[in-house]
Each structure stands twice: as structure tokens, then as C-alpha cells.
Amino acid sequence: GRRRTMTWMTGMAATILAVFVAGYLVLAGHNGAQQPAPISYETAANAQRVVNLADGSIVELGPNSRISVSYTARERRLTLEQGQGVFTVAKNPRRPFVVQAGSGSVTAIGTVFNVRKLSTNIEVRVLEGTVAVRPVDSPSADHDFPKAATNKVALVTAGNITGYSPDGVMRPVVAADVHKGLAWRVGVLTMVDWRLGDVIHELNRYLEHEITIGDQPIKNFRFTGTVYPDQVQAWLEGLQEGYPIKVVHLGTS
């Protein structure tokens, strides 16, 4: 009678609920497995732009340029689709920072470098640190430096320029004025009335060789200005003129 009907309806509702929940879980799992959609940034012909990325890295995008950014848990991948950019990379050895340009890519761990798409070739300038330049890139490639050295890759240090052609031919690595032609840069680290200790802490996030403050009172000096991580030496020399401090270089060859 009525009790049997109620029992049947209750059981059917429970079955429908179970199917709905199961379907929801499957859909959620499917969507969660998808890669996040790339985020694009671009500039007009006479404009520059500073892009602050989620990991603390910074892109100075040159005029008439376009990049897309695709971050995953394992890798920070950007694609230079047009123009040029200067990339100031926050250090994270477990999560390589890769800029794909043309047929190849440039991989960095804590560095500053410029990638420029010319009419056909790709040009790479290293302003601070070291990058691995691959003339033929694979998104699934292992970007660890030691393994990469056995592959078709060039390790390029600060003060050098290289590049590659669309068919994967590397240009020689040559010493050059890597800042020439980058007058369009607008600056990446601007601080207003910061403690000098905080300025150094922020700067060290991008430097291959970190700066250490030997005397604690120096940390409380106040600083206002713009700092380029790839022009630290000139900045330190300027600090000695404006503050009662002395810069000592240790362990340099």
C-alpha cells in the first residue's frame, strides 16, 4: 500500500541522488585535470608594459610585443609570440622558467634575460645569471641543466648574446653590450621609502649571487629608487656614495 510506495520512492530518490553525485564527481575530476588557459599580454607600437607574474617574476614587454603565460605546478612556460621582452625570473629550481620563441626555447633559473623575435631569427641576451638555449624545443622536454647539457643546448652566461634560426641552427655565443638597444625599459623594482634590508631581500630573489648585509644597522637605512637586478654593480657603487657603507666582494673569481 502507501508504505511500499513511499519506500520505493525513497529508494528511487536515493538512486537518483547517487547518480547525480557520481556524475558531478566525474565532471569535476575531468575539469580539474585540464591545463589552465594561457593568459596573453600585448603592447602597442609605441608602448611598453611591466607584467608582474604570479610567482613574483617580472616581464618588461617591449613595443609591439605579445606573450602568453601558461603556469603549471611543474613548469613556468611563456610563449613570445611577437616582439621582445626582458624576463626577470624569481628563483625556483624545482619549477623551471621557460620562454618559448619560434622553434626553440630559453630556460632560466633565477636570472634576467632578453628574448627578441626578429623577422626570422630569435636573439637571446643574458643580462644576469645563466640560461639554457635550445634551438628546437619540446614542451615535454626535461629542462634540468645537467641533463640538458648532453642535448642540443647552449648554456649562456651574463654579458653574452646568441640566437637561433627557424631550422634550429645556433648562432655563436659572443660577448657584447647586452644592454644596448634596451633603452625602452621602464624599470622593474621601484621602492618608495623602503628599509634597505627589505630592498636587498627583494633583490636577492632574482640574483644568482646574493647580497649579504654585514652590519645590522644598515638594514634600517631608508631607500627610495628603482633597481635593475641586472645592473646591481652600478647600483651598489651608487649606494656607497649616498650612504655610509662599504661594499665588499667575497668569493668572486
Can you list the lysines whose alpha carbon sits under 23 Å from that of LYS152, skipping same-chain ones fewer than 8 residues off?
LYS117
Return a whole-number percent for the relative contact order of the range 150-239, with Cα pairs under 8 Å and 6 or more residues apart as the contact set.
24 percent
How big is the accessible area of VAL131 in square angstrom, nearest 10, if you roll a 1.4 angstrom probe over the protein chains?
0 Å²
The range 178-227: Kirkwood hydrodynamic radius (Cα pairs, Å) comes out at 12.3 Å
What aspartates and glutamates could a cross-link reach from LYS91, if we take a straight Cα to Cα line under 15 Å and drop same-chain neighbours fewer than 8 places away?
ASP55, GLU75, GLU128, ASP144, GLU202, GLU208, GLU210, ASP230
As a test of reading the structure, rank GLU42, GLU128 by solvent-accessible area (1.4 Å probe, protein chains only), most first.
GLU42, GLU128
Rounded accessible area per residue of the range 148-238, 1.4 Å, Å²
55 Å²
Around GLY62: net Lys/Arg minus Asp/Glu count, Cβ-Cβ under 15 Å
+3
So, with a 1.4 angstrom probe, what is the percent of accessible area on the range 62-134 that is carbon and sulfur?
44 percent
Considering only protein heavy atoms, what is the solvent-accessible area of ILE213 at a probe of 1.4 Å, reported in Å² to the nearest 10?
30 Å²
Taking the radius of gyration and the Kirkwood hydrodynamic radius from Cα positions alone, what is the Rg/Rh ratio for the range 71-138, to two decimal places?
0.94
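The values are calculated or read from the model by the stated rules, or taken from the named source; none is laboratory data. Note that this is a predicted model, so its numbers are computed, not measured. Cβ sites come from the backbone with ideal geometry, for glycine too, and all protein chains shown count toward neighbours. Accessible surface areas use protein heavy atoms only, side chains included; no ligands, DNA or RNA. Shrake-Rupley method; radii C 1.70, N 1.55, O 1.52, S 1.80 Å.
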